[in-house]
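Visitor: My questions will all concern the structure given below.
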Amino acid sequence: MQEAIRVEGITKQYQLGALRHETMLREVLVNMFRRGPRAPRETILALNDLSFHVDEGEVVGLIGRNGAGKSTLLKVLSKITYPTSGRIRVRGRVASLIEVGTGFHDELTGRENIYLNGSILGMRKREIDARLDQIIAFAGVDQFVDTPIKRYSSGMRLRLGFAVAAHMEPDVLFVDEVLAVGDAEFQKKCLSAMDDMRTGGRTVIFVSHNMAAIENLCPRTIWIDAGKMRMDGPSDKVIAAYLATFSESQRAGYDLANVEGRGGNGAARFTRVDFMDMDGNPAALFRCGEPLRARFHYKAKERIRDPKFGMVVYSDMGTKVFTASTWHAGYFIPVLDVGEGYIDLLIDDLFLQPNRYYLSLWIRSTGVFFDHLEHCLAIDVEASNVGNNQGKGVHAKWGLTYMASRWDLSTGGATSDASMPQDAGL
């Protein structure tokens with residue numbers, strides 16, 4: 001089979017502060033006559049001697065923690081930026097969906113931007129004409145297609161961008177976190193479109209933190225860590241190895257002060273989390289249907305108005321199970337003062353099926369994240385005797401959660417649960 005992508009020893013180096021320019025005449029003159037060498041700028045390696053190849057028709061997942069180099073790799077493959085060293089070869093027509101709104105002009109309407117973005121991606125006008133109605137319908141912007149996109153939400157812009165990229169029928173498609181924005185219906189459309197590309201023999205590299213989507217779509221996954229290749233192989237094995245690193249950090253403790261690759265502006269940071277039972281004793285293992293208590297320690301560097309704390313729970317395959325936050329609970333915090341403190345979370349009944357779960361944490365306010373830690377902790381949930389069936393309904397095969405329920409039959413002919421054999425099952 002012919003190769004669609006070949007990457008040979010690419011390295012991408014950035015200089016911190018390299019975009020800073022002297023803005024005053026005084027600075028220019030001082031630097032002209034300054035004696036001695038300038039202090040060397042600090043450099044970072046976003047990609048470090050990375051090599052792999054992808055055959056035509058392959059759909060490959062790309063995973064790694066925040067800051068691992070995933071987006072940089074897609075930008076290099078898309079020729080948005082160039083590697084510091086190494087070689088890249090990509091065959092065929094390429095489309096990229098890396099940043100929301102790339103190739104759009106705020107003052108133009110949605111319809112006009114379809115033509116603009118399509119031409120940037122290499123589509124001819126007659127191709128866009130033929131697919132215009134499909135693009136508009138896929139994006140779900142029928143009512144707003146003649147409205148300037150500066151009035152579009154980020155989700156609408158992403159839907160429009162993906163619709164154009166998907167309908168240009170590229171030979172190679174690069175997609176970065178398309179599932180991070182948009183509602184469930186749009187996400188379903190995206191996954192269906194990428195699956196159609198896979199069955200149609202097109203090549204796709206798909207970046208996502210949704211491990212379930214990666215495993216369902218991508219037979220093969222590449223895991224990069226700190227710009228280096230960590231693992232390349234069947235998706236189930238790579239994902240299992242990747243997620244196991246989070247449980248390793250769990251066994252090492254719950255100190256979050258020095259976790260790398262976190263998001264947010266740093267005005268407030270999580271420093272530690274402690275899980276406890278109801279008596280305040282440390283706990284790392286929880287039982288289905290029993291309480292969960294967590295204490296999140298933080299440090300605020302500035303006074304923050306209306307802060308919100310949140311925790312997102314994911315399954316072992318990366319499916320989002322639920323979100324718990326101060327906002328969802330209606331717990332309003334007027335001001336977070338400078339200094340250290342902690343906030344307690346209590347879940348009265350943790351109705352999760354037995355499994356390992358991964359947690360993401362955030363501190364935010366309207367429109368801004370102060371701290372965002374992806375999959376930073378792992379907890380284990382085991383079976384219990386919750387309900388009236390001696391815990392027999394509590395098993396991961398029945399789904400992600402256990403819902404307590406009662407049944408009441410109003411017509412005869414059924415065996416009561418009191419006389420039902422204890423070994424009866426499905």
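Read the figures in this text as sums done on the coordinates, not as results from a lab. Bear in mind the structure is a predicted one, so any value in this text is a computation, not a measurement. With ideal geometry, Cβ positions are generated from the backbone for all residues, glycine too; neighbour counts draw on all protein chains shown.
Visitor: List the residues, sorted by chain then number, that are 5 or more residues from GLY57 or on another chain and whose placed amide H is less than 5 Å from its amide H.
Guide: THR203
Visitor: Order these peptides, 76-88, 103-115, by their mean beta-carbon neighbour count within 10 angstrom, highest first.
Guide: Peptide ranking by packing, descending: 103-115, 76-88.
Visitor: Going by average Cβ density within 10 Å per residue, which order do the peptides 336-346, 54-64 take, highest to lowest?
Guide: 54-64, 336-346
Visitor: Continuing with this model, one more query. Just tell me which aspartates and glutamates come within less than 17 Å, Cα to Cα, of LYS308; anything on the same chain fewer than 8 places away is out.
Guide: Excluding near neighbours in sequence, the set is ASP337, GLU340, ASP344, ASP371, GLU374.
Visitor: How large is ³J(HN,Hα) for each residue in the range 218-234, as worked out from phi by the Karplus curve 6.51 cos²θ - 1.76 cosθ + 1.60 (θ = phi - 60°), to whole Hz, x for Gly and Pro?
Guide: Karplus values, whole Hz, x for Gly and Pro: 10, x, 10, 9, 10, 10, 10, 9, 6, x, 10, 5, 9, 6, 9, x, x.
Visitor: Around ALA212, with a cut-off of 15 angstrom between Cβ atoms, what is the net charge of the other residues, counting Lys and Arg +1 and Asp and Glu -1?
Guide: Around ALA212, the charge tally is -2.
Visitor: Which cross-chain or sequence-distant (5 or more) residues have an amide H under 5 Å from the amide H of LEU256, H modelled 1.01 Å from N in plane?
Guide: ARG272, VAL273
Visitor: Right, here's the next one. Which entries of LYS70/LYS125; LYS79/LYS188; LYS12/LYS79 show an alpha-carbon separation above 24 angstrom in the structure shown?
Guide: In this structure, LYS70/LYS125; LYS79/LYS188 exceed 24 Å between Cα atoms.
Visitor: Sorted by mean Cβ packing within 10 Å, highest first, what order do the peptides 207-218, 189-200 take?
Guide: Output ranking for 207-218, 189-200: 207-218, 189-200.
Visitor: Once amide H atoms are placed 1.01 Å from N in the peptide plane, what residues at a sequence separation of 5 or more from GLN353, or on another chain, have their amide H within under 5 Å of its amide H?
Guide: Answer set, sorted by chain and number: THR401, TYR402.
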